[in-house]
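The next block holds one structure in the form of C-alpha cells; read it before the comments.
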Amino acid sequence: MTDPTPLLRPLRVGRMLARIIFVVVLALALHFAVNWLGEEVEQVESGGKKLMLTGMLLLILLAYALVIAVPFVPGVEIGFALMALQGAKIAPLVYLFTLIGLSLAFLVGHLLPYPVLSRFLAGFGLHRTALMVQDTEPLDLEQRTRLMKSRLPGALGPLFVNWRYLFLAILINIPGNIVLGGGGGICFSAGLSRLFRPVWALLTLALAVAPVPAVFYFMGITLF
C-alpha cells in the first residue's frame, strides 16, 4: 500500500504558507489603516471629522475582533504582528479587541442552542456526533464534568477537567494553536462544552490575553 504522507506534505506546506500570508497581509492592512487614520486625525481641526475618523479606527479594530472570533483564524499571530509593526501605542487597543473577539467566540458557543447544532451536524452527515450533542443537552454541569472525565484517557480526564480554566489560558497563548481551531475555535468549543461558567471564563480570557500586550506596552517594544 502506497504511503500517502509524501503526497500530503506539499498540501500541508501550502496551508502553512497561506496562513502566514494571511497573517502578514491582514497585519499590514491594519497597520497602514491605523497609520493613515492617525495622520488624518492629527491634521484635521474639525472636531466632527476627528470624531468620524476615530470611529473609523474603532470600526477597523472591531472588524479585527470579528475576524479572530472565527475558528481556525490565527488571531494571536495577527495581534502580535500588529503590535510588532505599531509598537506600544497600539498594544492596549489590540488587547481590548482581542479580548472582545475571543469573548464573542466563547459567548456564541455558550449560547448556541444544541438543537440547532445537532441539526447542522446532521445536515453534514455527522449523525453520530449529532446524537451525542442531543444526549449531552439535558446534562447539568456536574454530569458534563463526569462525562468529560470518562471520555478522556487515563489521568488526562481529571487533569483537564479540574484545571480547565488554566488549560484554556494556555491553549489561547500557544503559538500555532491554529491546529486546534485558533483562539476563536478554542473559545467557541469551550463555550459549547458548557463546562465553563461565563464569568470565570471571560475573566480567564482577560488574564490570558494580557501578558504579550503588557510587555509591548510597558517595555515600549517596536520590532519593525
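The values are calculated or read from the model by the stated rules, or taken from the named source; none is laboratory data. Bear in mind that the values here come from a model prediction, so they are computed numbers and not experimental data. Heads up, the Cβs are rebuilt from the backbone with ideal geometry, glycines too, and the neighbour counts pull from every protein chain shown. Only protein heavy atoms, including side chains, enter the accessible area calculation; ligands, DNA and RNA are left aside. Shrake-Rupley method; radii C 1.70, N 1.55, O 1.52, S 1.80 Å.
Pairs please, first residue from the range 142-160 and closer than 13 Å to Leu195 by Cβ, second anywhere and aromatic (Phe, Trp, Tyr) and in a helix (DSSP H, G or I), Cβ atoms under 9 Å, 6+ apart in sequence or on different chains.
From the range 142-160, the pairs are Met148/Phe160; Lys149/Phe160; Leu152/Phe160; Phe160/Phe167.
If Trp163 satisfies all but one of (1) open to solvent by less than 70 Å² (accessible area, probe 1.4 Å); (2) of a type outside the set (S, T, N, Q); (3) at pLDDT 85 or above, what's the number of the condition it fails?
Every listed condition holds for Trp163 apart from (1).
Might you check whether a residue that is in a helix (DSSP H, G or I) and either without any contact (Cβ under 8 Å) to a residue 40 or more places away in the chain or over 17 Å from Ser103 (Cα atoms) (or both) occurs anywhere in the range 192-199?
Yes, that holds for at least one residue.
Does the range 208-222 include one or more residues that are farther than 18 Å from Gly79 by Cβ, of a type outside the set (Gly, Ala, Ser) and out of contact with any strand residue (DSSP E or B) (no Cβ under 7 Å at 6 or more places or on another chain)?
no
Testing Leu66 on (1) aliphatic (A, V, I, L, M); (2) buried (at least 17 other Cβ atoms within 10 Å of the Cβ); (3) modelled with pLDDT of 80 or more, one condition comes back false. Which one is that?
It fails just one condition, (2).
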